[in-house]
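Step one of this worksheet: look at the structure below.
Every number in this text was worked out from the coordinates using simple rules, so none of it is lab data. Remember, predicted model here, so these are calculated numbers, not experimental data. Positions of Cβ are backbone-derived with ideal geometry, glycine not excepted, and every protein chain shown enters the neighbour counts.
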Amino acid sequence: MATALAFLVVFWLLYDGICRLVGQRKNGDTIVGALTLLLVCAASWLACHWFAGRAAFLLVGAMLATSMSANVFFWIIPGQRKVVAAIKAGQPVDPVHGQRGKQRSVHNTYFTLPVLFAMLSNHYSFTYSHPQNWLVLILMMLAGAAIRQFFVLRHGYKLGRNRNPLAHAGVGVAMLLGVIVWLKPDLPPVGPASAAPVTVGYVELQPVLAQRCYSCHGAQVQMKNVRLDSPEALKQHAQAVYQQAVLSRAMPLNNATAITEAERALIRRWFEAGAPVP
Ligand code: HEC
């Protein structure tokens, strides 16, 4: 918990530091944009290596959301106040306040959809439980930023200020589709060469479930009301077991019980054999 909070704070300090140091230089917007992108990528990578996938995605979402709020409270609103105060006092307005506020609000614009993606992806275990989940997260967030860019430019297009931005939406959607195709579970072929027996029945399956699943889905504990320690209960959840342990690989949770690939293959074969129970 403390690490997670520190993560939010450190990201803000670094991001804020980048904006302060280079934000007002020549090509400041571009440099800050590039550095912030790098920083978000690095943070995503770290989060996914330090925290379990689901928490990591939430944390990155929270990290961007926190910085969005901090931008508003520490820069955008105070900047406006100073401008208004200067105008009231009849003093010349320092344009830096406007520039800073604008830069931060542009960042907030691009953070919006990535935050949404990071938060929503929590319902889709195939995104955060992937071995390269940090890359999945980055690609999804980039897609979000590209789609956001489409909406920004579309406004300008309607006013005749820029070209039709459809390409941005295309890039964003193509990235999302690419991620989906990439994440589509591709099951290893199980041929006769594999170690698992050719037909898997309950007798072969039961010891695997006992060792890898009963601790959370047995007599003592029934996570999500799923019990797997009797043939009847197993039959009832057969589809879900296949889905969770073979396709999405969300189960065992964080692989707490260290299931092996061979055992996953065994569950798969059992299911493909019609999920037989005595
Ligand atoms: C360390 C504890 C733990 C272990 C071990 C574990 N599970 Fe789970 N399981 C959970 C939790 C927690 C949930 C609820 C997850 C949620 O709500 O997102 C769950 C949910 C499920 C569900 C319901 C999923 C749904 O969304 O409807 C199925 C099916 C399932 N587990 C199958 C298995 C199988 C099969 C194994 C063994 C290969 C296994 N689990 C091992 C903790 C565990």
Q | Two-site label geometry, residue 122 and residue 20: point separation in nm, points 7 Å out along Cα→Cβ | A | 3.1 nm
Q) How would you rank 271, 51, going from fewest to most other Cβ atoms within 10 Å of each one's own Cβ? A) 51, 271
Q | Residue among 227, 25, 161 with the largest mean-square fluctuation in a Gaussian network model of the chain, springs linking Cα atoms under 10 Å | A | 161
**Q.** residue 13-residue 87 FRET efficiency (beta carbon distance; Förster radius 41 Å; 0.05 resolution)
**A.** 0.80
Q. Taking the Cα centre of the chain as the origin and placing charges on Cβ (Lys, Arg +1; Asp, Glu -1), which of 273, 122, 65 is farthest toward the positive end of the dipole?
A. 65
**Q.** 5 angstrom amide H check on residue 222, placed H, neighbours 5+ away
**A.** none
Q: Quickly work out the residue 272-to-residue 109 label distance, labels modelled 7 Å from Cα along the C-beta direction, and quote it in nm with one decimal.
A: 5.1 nm
Q: Quickly estimate the mean residue ellipticity at 222 nm for the chain, helices only: each DSSP H run with n ≥ 4 gives -39500 (n - 2.57), and the total goes over all residues, rounded to 500.
A: -21500 deg cm²/dmol
Q. With helices defined as uninterrupted DSSP H runs, which ones in the chain have an alpha carbon span along their own long axis of at least 24 Å and mean Kyte-Doolittle hydropathy of at least 1.0?
A. 2-22, 28-50, 53-70, 166-183
Q.
Mean-square fluctuation check for the chain, GNM, Cα pairs under 10 Å: which of 64, 176, 234 is largest?
A. 234
Q. When the chain is modelled as a GNM with alpha-carbon springs shorter than 10 Å, which of 149, 220, 206 fluctuates the most?
A. 220
